[in-house]
Structure formats: C-alpha cells, structure tokens
Amino acid sequence: MTNHPPKPRSIIDELPTYKAGRSASPVAGLTPFKLSSNELPFSPPEQLLQVISKVSSNSSRYPDPFSTELTTALAGSLGVHPDMVALGTGGVGVCQQIVQAFCDASDEVVYAWRSFEAYPIICGIAGAHTVPVSLTPEGKHDLRTMRNSVTDRTRMIFICSPNNPTGQVVTHQEFVDFMESIPKDVLVVLDEAYIEFNVDPDVPKSLELLSRFSNLGVLRTFSKAFGLAGLRVGYFIAQPAVIDAVRKTAVPFGVSIIAQAVATEALSMTELFSDRIWQVIQRRGWLENQFNIRGIHLEPSQGNFIWWPLKQRTDEFRDLCEKSALAIRPFSGEGVRVTIGEQEALERLLAVVDDFIRRNPELTHRT
Ligand SMILES: *Cc1c(COP(=O)(O)O)cnc(C)c1O
C-alpha cells in the first residue's frame, strides 16, 4: 500500500495562485520601495495606532460577529440603511462571500480581463465557470461584449471601476445603460476598491443606483484609500435580501476586534484621509505629466497607480526597476502597474524610465 496524503478536489490543482506584489530586493546604497500592491505611502495615523493598542487588550474575547458598530457607522457615512451593508475580511473576503452566496458549480461569472486577479481564483474555488472578456486597447471595459456574453447560466458580473490594473473607468451613463440591458436575476458587482481616487466627473452614482437596480451591489474596502490593507476590512452595499445572503457565507468572526474598532474610528477622520487621498491624486497627475514630458502618453489613471502597457518589454522594465530597488507589478507580455508611492520612489522610477527609453527610443513619440 502506498501512503499518499488525501487528494484535494480536482479543481484545486487548476486554480491560479494569487501573485501578491513583491517587496523590493535590497540594492547597496538604496532604500527599497514597494510599488507593487497599491498600498498608500503613509503609515496609519497615531490616532488609529492608539485604538489598536487600546482594543488589543480585549483580544481574549471574540469580536462582535455582526460588526454592529462599524456597520452602523458605515451606513451612516454612506447614507444607506445598515441592512444594506455587509462586512468581510477585506474586499477579497467579501468577493468570496458574494460568489459563494450566488454561484452554484458551473454557473457563469462574467468579468473584464485583465482585471483584479482574485476574480478567477474566487470563482474557481466555487466551481463557477469564468467568462473573461478582453478589455479595449485603451484598457477600458468592453461593456457591449460583456453584455453579449451573458447567457442563461450567468449569475454574476464583475465591473471593476477604476479597473485594476489599467486605471480606466466606466462612466455613469455607460453603467446605467449596461444595467438596463442586464437580466434582473444576474447580480452585477461594481468593484469600487479605488473609488476615492476617481476624479472623473462622470463617475457612476453607484449608491443612488442601488434603489433603481435591485441586482446591483457595490464593493469597497479600507485597504486602499484608508491605507489599512493589513487589517483586512472590506464591505458590500446592496439591497437587504442580497446582503442577507452575503452575510450568511461569511467566515464567522472573520473581522477582528482590531479591524472593527480601527475602521470605525477611521470613518470619523475624513479630513485626514481626504488630505492623503488628495496628495496621491496630485502625485499621480505629476507622474503622468513626467511621462508625457518624456514623450510617453499614458491613458490617465483614476486609481492610486499607473499602467504602462509595455507588452513584450514588460519583463525588461521590471528587471531594471529591481536593479534600482523598486518593486513594481509586472504582467508579462501586457504591461506594468506602478503604485503612486513615496515621492523619492517615483523620482527614482523616472530615472529608470529615462534609462529604459535610452535603450528603447521607439517607445516615445519623439523622433
Ligand atoms: C485591492 C482590491 C480589492 C480589495 O482588496 P482587500 O485588501 O481585500 O480589501 C478589491 N478589488 C480590487 C480591484 C482591488 O484592487
């Protein structure tokens, strides 16, 4: 008799592994910077660190399984009823709850590609069929093709706006027209993980649309604009019947006491966070302009990152960044995503860009 360990479900072998953004390897004389995970270049404010030390003394107790205080505070700040808010362990945890609640094995989930790389993994775990629809050459959602990909097996659609990694958005009218065209029994999840960085005046009025479309839900997170990625809190806003289902598939006690308390406190610090978000937006504009000055036009991004579709030169650029102790997020054959990080990091990035375009002058519009 052989002694093999138990075999996991057959789909487990086929699942892609989530590639987390890497940290920069040290290079002599250079501070390493991580521009690969869309984190904020600021530490949590002192006020939140104090909350952490205060509530951590309660760590022998289970958290409130319903995150009552945070749910109420969130509902208040969003202007919706608390029954319309479900919490989870980061936006990714919430995504998983949604798919578990709405998809049976071999149901179909439509999303744009390339987009957030957790979608195929989460769908795969549920045994759902993924229907990726190519982005346009500008990195935008191809809403018409997505609509045409809906079949009677389709249960869910993800729309990521601003899209990770391309930073492109859908507009209010595009989104309304799309929603009008989608069968009412298909749940549309508008992933707004980066909504706070979106300054496009045509941004979908997503929360207002919730009363008009009962099959719409909005996904948001404390990881990006609030800079609390390590605490793992995300949330979903939808009609109470949808929220009920999404609460049922949560891991019990998933959102820790520290996460609940810090996120609640963070909601009261709007001025500080608006200021940080504004700094990121300004820096993004500056960086895109620096690319422009060098003869490289990037499609303006609405996230806290830029996207440079370098195609087959992606890995070469990543290698150069690594030599300068900068970790960026490469998608081989497609492009690089670079987080709007520390000013020093972005200045060093531009020096790498200068070196790179000296080697590849055809990348610029200048002749
Ligand atoms: C970061 C991100 C999320 C959520 O991340 P969490 O850290 O799990 O909250 C969701 N969607 C997209 C597109 C993201 O980039």
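The values are calculated or read from the model by the stated rules, or taken from the named source; none is laboratory data. In this text, all values refer to a predicted model and were calculated from it rather than measured experimentally. No Cβ is skipped: glycine too gets one built from the backbone with ideal geometry, and neighbour counts run over all protein chains shown. The accessibility values were calculated without ligands, DNA or RNA, using every heavy atom of the protein model including side chains. Shrake-Rupley method; radii C 1.70, N 1.55, O 1.52, S 1.80 Å.
General remarks:
- Gyration tensor verdict on segment 128-282 (Cα atoms; rounded if a/c is under 1.5, prolate if a/b is larger than b/c, oblate otherwise): oblate
- For Trp113, nonlocal amide neighbours, meaning residues 5 or more places apart or on other chains whose placed amide H falls under 5 Å from its own, are Val133, Ser134, Leu135.
- Solvent exposure, largest accessible area first (probe 1.4 Å, DNA, RNA and ligands not counted), of Thr71, Thr270: Thr270, Thr71
- When the charge dipole of the chain is built from unit charges on Cβ atoms (+1 for Lys and Arg, -1 for Asp and Glu) and taken about the Cα centre, the candidate among Pro252, Thr154, Gln302 whose Cα reaches farthest toward its positive end is Pro252.
- The fraction of accessible area contributed by carbon and sulfur in segment 263-331 is 48 percent, rounded to a whole number (1.4 Å probe; ligands and nucleic acids excluded).
- The local environment of Asn215, defined by Cβ-Cβ distances under 10 Å, has a net charge of 0 under the rule Lys, Arg +1 and Asp, Glu -1.
- Sequence of Lys224, Lys323 from largest to smallest accessible area, 1.4 Å probe: Lys323, Lys224
- Using θ = phi - 60° and Karplus 6.51 cos²θ - 1.76 cosθ + 1.60, couplings along segment 134-144 (whole Hz; Gly, Pro as x): 4, 5, 5, x, 7, x, 9, 5, 8, 5, 5
- Residues whose amide H falls under 5 Å from that of Phe305, counting only those 5 or more places apart or on a different chain, are Ile340, with hydrogens built in the peptide plane.
- Within the accessible area of segment 11-123 (1.4 Å probe), percent carbon and sulfur: 53 percent
- Calculated SAXS-style log₁₀ I(q)/I(0) at q = 0.07 Å⁻¹ - the chain, Debye, Cα scatterers: -0.32
- When you count the other C-beta atoms within 10 angstrom of each residue and take the mean per peptide, 245-254, 51-60 line up highest first as 245-254, 51-60.
- In segment 1-49, taking the dipole from charged Cβ atoms about the Cα centre, the farthest positive-side position among Gln47, Ala28, Thr17 is held by Thr17.
- Residues of segment 89-117 falling in the label zone of Ser181, defined by backbone nitrogen less than 20 Å from a point 7 Å along Cα to beta-carbon, are 108-115.
- For Lys224, the aspartates and glutamates whose Cα falls under 19 Å of its own Cα, not counting residues fewer than eight places away in the same chain, are Glu39, Glu46, Glu117, Asp191, Glu192, Glu196, Asp200, Glu265, Glu271, Asp275, Glu342.
- FRET E, pair Asn58, Leu298, Förster distance 41 Å, beta-carbon r, rounded to 0.05: 0.30
- Cα gyration tensor shape for segment 187-229, rounded if a/c is under 1.5, else prolate or oblate: oblate
- Added length on full extension, which subtracts the Cα-Cα distance from 0.36 nm per residue, Thr136 to Val27: 35.5 nm
- Square roots of 5 times each gyration tensor eigenvalue, C-alpha, segment 322-367, largest first, Å: 19, 14, 10
- For segment 305-310, Karplus couplings with θ = phi - 60° (6.51, -1.76, 1.60), whole Hz, Gly/Pro x: 7, 10, 10, 10, x, 7
- Degrees separating the helix 257-267 axis from the principal Cα axis of the chain, which is the longest one: 70 degrees
- Accessible area (Å², per residue) of the chain, counting only protein heavy atoms and a probe of 1.4 Å: 47 Å²
- Segment 56-162: C-alpha gyration tensor shape, a/c 1.5 cut-off, then a/b vs b/c: prolate
- Spacing of the modelled spin labels on Leu350 and Asp202, each 7 Å from Cα toward Cβ, amounts to 3.0 nm.
- Inter-site label distance for Arg153 and Gln173 at 7 Å from Cα along Cβ, in nm: 3.6 nm
- Distance between the modelled labels on Ala20 and Glu271, one decimal in nanometres: 3.6 nm (7 Å Cα→Cβ projection).
- Charging the Cβ of each Asp and Glu at -1 and of each Lys and Arg at +1, and nothing else, the dipole of the chain about its Cα centre rounds to 660 debye.
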